[in-house]
1. Using 7 Å Cα-to-Cβ label points, what is the B:Q276/B:D44 separation (nm, one decimal)?
2. Taking every DSSP beta bridge with both residues inside the stretch B:93-242, roughly what % is antiparallel (nearest 5)?
3. I want to verify the translational diffusion coefficient of the stretch B:1-144 in µm²/s; compute it with Stokes-Einstein, Rh as the Kirkwood radius over Cα pairs, at 10 °C and 1.306 mPa s.
4. Add -39500 (n - 2.57) for each DSSP H run of 4 or more in chain B, then divide by its residues: what number comes out at 222 nm, to the nearest 500 deg cm²/dmol?
5. In nm, to one decimal, how far is the A:V96 label point from the B:I292 one, both placed 7 Å along Cα→Cβ?
6. Skipping prolines and chain starts, which residues have an amide H placed within reach, meaning under 5 Å, of the one on A:V90, given they are 5 or more residues away or on another chain?
7. Between A:V98, A:V65, A:V31, where does the largest GNM mean-square fluctuation fall for chain A, given springs only between Cα atoms within less than 10 Å?
8. Against the empirical 2.2 N^0.38 Å scaling, what ratio does the C-alpha Rg of the stretch A:2-118 come to?
Amino acid sequence: MIVADRKPIEEIIEYIKDANKVLIVGCNECVTVCEAGGKKEVGVLASALRMYFMNQGKDIKIDEVTLERQCDHEYLEEIRNIIDQYQAVVSLACGVGVQFMSEKYFQTPVFPGVNTCFMGVTEERGVWSERCQGCGQCILATTGGICPVSRCAKRLFNGPCGGSSKGMCEIGGEVPCAWQIIIDRLTALGRLDDYEKLAPIKDWSKERAGGPRKVVREDVRQ
Amino acid sequence: MNPMRTTRTDSKLEKILAAGHLAVTSECGPPRGSDAELIKKKADLIKNHVDAINITDNQTSVTRLCSLASCIHLKLMGLEPVLQMVVRDRNRIALQSDILGAASFDIRNMLCLSGDHQKFGDCPQGQNVFDLDSMQLLQTVRQMRDQGKFLGGDEIKRPPRIFAGAAANPFADPFDIRVRRLAKKVAAGAEFIQTQCIYNLDRFEEWMKQVRDRGLHEKVYILAGLTPFKSAGMAKYMKNKVPGMDVPDEVVKRMAGVPKDKQAEEGLKICIESIQRLKEVEGVRGFHIMAIEWEEKVPEIVEKGGLYPRPDPAAL
């Protein structure tokens, strides 16, 4: 899933303070799972904002809605009939949803309500960690299913560096060394000899470096 | 010791190694400013006692005068620099371009490194590049030199003639792959290796045994890395705070067991004893003495280690 984290409320207040009517839009997908932008978080944020503006003696109406997704036209269309009433929209979707809404409702200011962080997993409730950076050319087959691009702080293809210590990365903060895991995994699979194969120089043109990316599938295109 | 092969570059370091002499290298860190005199002064202190001088590349991610410019200063003094290059700060365009820049001054040695994470330095909020890793940088130098081709495939006019080196840490985790990792660097094109500082000599010798078992000592020149302790505090710091460093308790105890004003002397003694012991290890082809901000002690270490005088490469 795409993992996001809540923005400080002060930042959101700053975005919307001049509006009279604000819509907070949640998303029922990834940000619900990572408890940053689902229906529950929309409710919590809306209440906190109402309380803040009431204390300030400011009359701002704050409405709530949570869509199935914000990255598909059909769900974003559900608010077409109401969106013009609002001077500001706060989207609690990931950056993808915020942008898609901005593109669709070109006259309405849409503000991000979360910081979009990474593609990752739920390690346990309240702990999410990164697994993929969408580099566009998956090499997991050669690294025992563990990704050095997203999980090594130096994205080394032929790691580990000298900073790997007792299974942990030199950057600290309890970050496991990806290459320790890769080696453990190759060992468990009886494939440690594969470690000695030199990984070729990466084609970063399939990644962010190549500019905004697009997948076009003629076979499913209508 | 038999010479392993004929030389492939005009590197003085390679020449000395190929002739079967134990080589001696050392390193100097460039200043945090633009005064080149500081680096020249450091080099002056050691120039008669070493064959080549490594110049570090923004070590610990702290911004400094660049390695390439420092190497040029050394070259202009008639010395033999080893250009350290990390892949943290430059993409493949900049790396290849700097290799050519170095070659244009006939800088003939390069050490290919990953580089510490920028988190440790003065720009922790900076981007890191890691377009290539250290092994791919080795491959790049070798391709540029041996095939005369850029990574993009175009021909290089006057290809760089650079002796390519890499670092190895016999002590880092995971220990099981330390020798495999060296094999990988050799396969990537490393011709010489400068190791991490050695304090655990037993463990280093065990690693060297595994290196020999795979015949790697015949394929790459291994220079044993040594850093003298200045104090017991430094020994404790290296033991506890520096990742990938193996300082046995007895070494820390030995440092702490002498009065403060004698600790520096004891540190030098340990270093010299290490040289004497490691000289006898088959496959050790020289020493890389990293006397951090203590360059003035390098001559004493080299002399007492029995590595002086240095061979004259012109006579080889």
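No value in this document is a laboratory result; all are computed from the given coordinates. Keep in mind the model is a prediction, meaning the values are calculated, not measured. Here Cβ is always computed from backbone atoms with ideal geometry, including for glycine, and neighbour counts include all displayed protein chains.
1. 3.3
2. Details: 1 of 13 bridges.
Here the antiparallel bridges make up roughly 10 percent for the stretch B:93-242.
3. On the way: Rh = 15.8 Å.
Here the translational diffusion coefficient equals 100 µm²/s.
4. Numbers: 11 runs with 115 residues, N = 316.
One gets -11000 deg cm²/dmol as the mean residue ellipticity at 222 nm.
5. For the pair A:V96/B:I292, the computed spacing is 4.5 nm.
6. Excluding prolines and chain starts, which carry no amide H, the hits are A:L23, A:I24, A:V25, A:F111.
7. Highest fluctuation of the listed residues: A:V65.
8. On the way: Rg = 12.9 Å, N = 117, 2.2 N^0.38 = 13.4 Å.
In units of the globular-protein estimate, the stretch A:2-118 measures up at 0.96.
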